[in-house]
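Peer 1: This is the structure I want to talk about, given as structure tokens.
The values are calculated or read from the model by the stated rules, or taken from the named source; none is laboratory data. Computed from a prediction, not measured in an experiment: that's the story for all the values here. Here the Cβ is made from the backbone with ideal geometry for all residues, glycine too, and neighbour counts use every protein chain on show.
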Amino acid sequence: MRRQLVILFFTQILIFNAAFTQPIFDYSFSASMDTYNELDNPTSLSNGQVWDEETYSLGLGFLFNIGGESFDTILINTNGYLTFENQTSDETYIATVLGDADLEDRGAGTIVSESPISYQIDGMIGNQIIKIEYKNIGFFDGIMNDSISFQIWLYENTDQIEYRFGSGIVSNPNIVFQGNSGPICGLFNVHTNNLQTGFTLTNSAIFPDTTQFVNFDVFNIPSLDDLIPEHSVYTFAYNHPVANKTVFRESLDFKVLSNPTIDFSIIDIILTESSMIFVDVFDMHGNLLKTRKIFHSKGKCQIKLDLSSYSSGTYLCRIRVGSKVATKKIIKI
């Protein structure tokens with residue numbers, strides 16, 4: 001552990017490329033205030049374990065777009081950032097909340113965790129929100145009683161990212177934030193081993209300014225000037241071009257054979273090119289029950305879907321291929 005999050009993280013993976021010319025982030029930023037509510041009966045990621053430098057993988061159950069790339073899985077790091085990794089294009093996007101603080105479980109040194117990390121999915125399919133909560137988080141370089149709580153929300157329909165802040169105590173910001181009076185907070189992009197661009201917040205934490213940059217000094221990343229007030233909401237709204245408003249939600253045509261079914265259904269689809277196919281099964285409450293990932297060559301593809309262990313009822317089957325997505329009902333009898 002014992003590392004500065006952004007500085008050493010980037011130092012380990014980045015070799016700067018002066019030839020880079022085109023930034024990729026197109027976001028509108030806004031700061032507002034809203035009541036901070038802890039998640040109600042969330043699913044634990046840390047599972048009651050005392051954590052230190054852990055990373056958890058979470059399937060979203062939907063496609064989320066950031067920087068023009070679509071993702072169905074995120075990596076959640078205990079140091080307060082999310083990583084979106086694209087295995088096909090070597091693009092990695094990083095959503096950073098407290099980029100220069102070394103976070104740790106307040107139960108460090110014991111066997112009892114005091115800082116749970118969890119998530120919750122709200123809303124119906126098509127308009128879901130993934131809410132990730134860091135609760136009562138401590139700082140390695142801070143005082144024993146220092147702590148902070150915050151959440152990161154990802155919106156399915158709009159690809160919006162929100163950072164929401166609860167109560168916090170930081171007795172000595174210059175120590176906690178590695179010489180800065182406030183945290184590094186923003187979005188970053190990495191392509192292969194080159195940092196392409198960053199979108200970071202600067203100046204006052206109450207009314208932050210935004211800075212987009214390329215090829216910056218990794219040891220001099222812009223930060224906020226002070227602590228982020230409780231109940232603050234930082235919203236990064238992705239600006240989908242009007243002419244391409246549905247580019248990430250194109251329709252897809254597929255058939256469900258053997259529907260209704262007793263045990264198995266067949267997904268029948270024609271691929272215009274070799275593609276990765278994502279198959280998700282939900283109940284009618286929007287709970288993700290099953291997910292599969294299959295690579296298939298161009299042409300006709302049939303996927304056998306096993307529903308034999310499910311109780312009778314109606315289920316939703318969603319197929320995703322690239323930027324195209326479609327959902328159909330399957331009846332189990």
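Peer 1: Find the residue count for region 306-332, including only residues that are under 18 Å from Ser275 (Cβ atoms) and among the aliphatic types (A, V, I, L, M).
Peer 2: Number satisfying all stated conditions: 4.
Peer 1: Identify, from the list Leu257, Leu201, the residue that is under 30 Å from Ser312 (Cα atoms), modelled with pLDDT of 85 or more and of a type outside the set (Ser, Thr, Tyr).
Peer 2: On the way: Leu201 fails: under 30 Å from Ser312 (Cα atoms).
None of the other options fit; the residue is Leu257.
Peer 1: Could you give every pair whose Cβ atoms fall below 9 Å, whose first residue belongs to region 198-209 and is without any contact (Cβ under 8 Å) to a residue 12 or more places away in the chain, and whose second residue is among the β-branched types (Val, Ile, Thr) and crowded, with 17+ Cβ neighbours inside 10 Å, counting only separations of at least 6 or pairs across chains?
Peer 2: Asp209/Thr202
Peer 1: Another question, then. Looking at region 270-290, which of the residues that are buried (at least 18 other Cβ atoms within 10 Å of the Cβ) and touching a residue at least 60 places away in the same chain (Cβ under 8 Å) is farthest from Ser70 (Cα to Cα)?
Peer 2: Among those residues, the one meeting the criterion is Phe282.
Peer 1: Does region 263-280 hold any residues that are in a strand (DSSP E or B), under 20 Å from Gly322 (Cβ atoms) and either over 21 Å from the mean Cα position of the chain (by Cα) or not charged (D, E, K, R) (or both), and which are they? Before the answer, list the steps.
Peer 2: As a first pass, look at region 263-280 and keep what is in a strand (DSSP E or B): 264-271, 275-280.
From what's left, under 20 Å from Gly322 (Cβ atoms): 267-271, 275-280.
Within region 263-280, Ile267, Asp268, Ile269, Ile270, Leu271, Ser275, Met276, Ile277, Phe278, Val279 qualify.
Peer 1: Counting just the residues of region 147-170 that are part of a loop (DSSP other than H, G, I, E, B) and surrounded by fewer than 20 Cβ atoms within 10 Å (Cβ to Cβ), which one comes out nearest to the chain's Cα centre (by Cα)?
Peer 2: The residue in question is Gln160.
To keep it simple, each residue is scored yes or no on (1) at negative phi; (2) among the aliphatic types (A, V, I, L, M).
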{"position": "Asp122", "(1), (2)": "yes, no"}
{"position": "Asn127", "(1), (2)": "yes, no"}
{"position": "Lys131", "(1), (2)": "yes, no"}
{"position": "Phe140", "(1), (2)": "yes, no"}
{"position": "Ile148", "(1), (2)": "yes, yes"}
{"position": "Asp159", "(1), (2)": "no, no"}
{"position": "Arg164", "(1), (2)": "yes, no"}
{"position": "Ser167", "(1), (2)": "yes, no"}
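Peer 1: Restricting attention to region 145-181, report how many residues are among the small types (Gly, Ala, Ser) and closer than 18 Å to His231 by Cα. Outline the logic, then answer.
Peer 2: Looking only at region 145-181, we keep the residues that are among the small types (Gly, Ala, Ser), and these are 147, 149, 166-168, 171, 179, 181.
From what's left, closer than 18 Å to His231 by Cα: 147, 149, 166-168.
Final tally of qualifying residues: 5.
Peer 1: What do you reckon, is Thr110 touching a residue at least 12 places away in the same chain (Cβ under 8 Å), under 19 Å from Ile184 (Cα atoms) and surrounded by fewer than 22 Cβ atoms within 10 Å (Cβ to Cβ)? Full working, then the answer.
Peer 2: Working: touching a residue at least 12 places away in the same chain (Cβ under 8 Å): yes; under 19 Å from Ile184 (Cα atoms): no; surrounded by fewer than 22 Cβ atoms within 10 Å (Cβ to Cβ): yes.
Against the criterion (touching a residue at least 12 places away in the same chain (Cβ under 8 Å), under 19 Å from Ile184 (Cα atoms) and surrounded by fewer than 22 Cβ atoms within 10 Å (Cβ to Cβ)), Thr110 does not qualify.
Peer 1: Counting only residues that are outside any loop (DSSP other than H, G, I, E, B) and either of a type outside the set (S, T, N, Q) or over 19 Å from the mean Cα position of the chain (by Cα) (or both), which one in region 233-248 is modelled with the lowest pLDDT?
Peer 2: Filtering region 233-248 for residues outside any loop (DSSP other than H, G, I, E, B) gives 233-238, 242-244.
Among the residues that remain, those that are also either of a type outside the set (S, T, N, Q) or over 19 Å from the mean Cα position of the chain (by Cα) (or both) are: 233-234, 236-238, 242-244.
Details: Val233: 95, Tyr234: 95, Phe236: 91, Ala237: 88, Tyr238: 83, Val242: 37, Ala243: 30, Asn244: 33.
Among those residues, the one meeting the criterion is Ala243.
Peer 1: For region 113-127, which positions are within 14 Å of Leu288 (Cβ to Cβ) and either over 13 Å from the mean Cα position of the chain (by Cα) or of a type in the set (Lys, Arg) (or both)? Outline the logic, then answer.
Peer 2: Here is the first cut: in region 113-127, the residues within 14 Å of Leu288 (Cβ to Cβ) are 119-126.
Scanning region 113-127 gives Asp122, Gly123, Met124, Ile125, Gly126.
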